Each structure stands twice: as structure tokens, then as C-alpha cells.
2 protein chains.
Amino acid sequence: MYVSLKPTVNDPEGLAIANALGSLGFGTVQGVRSGKYFQVRLAAEDAKAAAEQVDQMCSRLLANPVIETYEFELERAR
Amino acid sequence: MYVSLKPTVNDPEGLAIANALGSLGFGTVQGVRSGKYFQVRLAAEDAKAAAEQVDQMCSRLLANPVIETYEFELERAR
């Protein structure tokens, strides 16, 4: 799951990182956006059920719908 | 770029989220690991040069090598 700020929302952390990278000599950086990243291991009947659960987890807890967007990928547990 | 805690390192945030998900009724959650997620837009001659820059950014600034690991994917800017 990737939760990041909407493009229209200021990202002070991303800005601070971009400046820090610049002062470390990474002159080719054009922009940085920061966000949160979660790996959730869960049991589900199938991919569809897993996707529904993950979507609910994001919209009810992990992402603030006012300022954040989320994406997720499903992976069969190893 | 994905920066997450090494598997051997305690993840209090992940634990708190797992508990919160449990109390919201997501009973099938077996574990949660949390981390940071960065999207960096940069200019580079080719993919190899871009990968070298990104690797340096992670090891010099974005990831703490003692407790964190990092992965990244390259994408041609749209």
C-alpha cells in the first residue's frame, strides 16, 4: 500500500528532502514527493476479497481522503 | 523508493496499525510493516546513471543502513 499526498497538497517533507539532496550534490533532482508505505499480510479467499479488504483498510484508517491518495498491489504470500 | 525497517527490527508503528485494523474488524490481518515511500523526479543520461544516483540518494540520505533497507523502481517520466 502506498499512501501519498494529493498533487495539489504542499509536501514540506518532500521539499526538505529535495533541498537536502541538492546540498549533497544531487543537482539533477527536479522534485521529491514523500509518502507512507505499508506491507500488510492477511488471509483472504481470493484476490478480489483481498483487494476489497485492503481498499477498506486504506479508506477507513491508513489514508486521509481529504489530503491523501492511495494505491496498492496484491502479492501472494511467500 | 521504498524504505522500510529491517525484518529483525521492531516496528511499533506497524504493530499499532495491526491492532487498530483488528479493532476495526479486519480480523484476517496477520501482520503489518510500515515504511517510507519517495517519488523522486530527476534527469539522467540513461537508466544505469539514474539507478546509480538513486542508490546513492538512499544510502547517503534517505535510508539509515543500520536499521533500514531500501528498494527502488525506475520509471520514465511521463
Scan segment B:28-52 for residues that are under 18 Å from A:Gly27 (Cβ atoms) and either within 17 Å of the chain's Cα centre (by Cα) or part of a loop (DSSP other than H, G, I, E, B) (or both) and jot them down.
B:Phe38, B:Val40, B:Arg41, B:Ala43, B:Ala44, B:Glu45, B:Asp46, B:Ala51
Taking into account only those residues within segment A:1-27 that are assigned to a loop (DSSP other than H, G, I, E, B) and in contact with a helix residue (DSSP H, G or I) (Cβ under 7 Å, 6 or more places away or on another chain), which is surrounded by the most Cβ atoms within 10 Å (Cβ to Cβ)?
A:Met1
Within segment A:53-78, residues being without any contact (Cβ under 8 Å) to a residue 24 or more places away in the chain and either touching a Gly at 6+ places or on another chain (Cβ under 7 Å) or in a helix (DSSP H, G or I) (or both) number 6
Based on this model, can you work out whether A:Ala51 counts as modelled with pLDDT of 95 or more and either closer than 18 Å to B:Gln39 by Cβ or in contact with a Ser or Thr (Cβ under 6 Å, 6 or more places away or on another chain) (or both)?
no
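The values are calculated or read from the model by the stated rules, or taken from the named source; none is laboratory data. Because the structure is a prediction, the values reported are computed rather than measured. Neighbour counts are summed over all protein chains in view; Cβ atoms, including those assigned to glycine, are modelled from backbone coordinates with ideal geometry.
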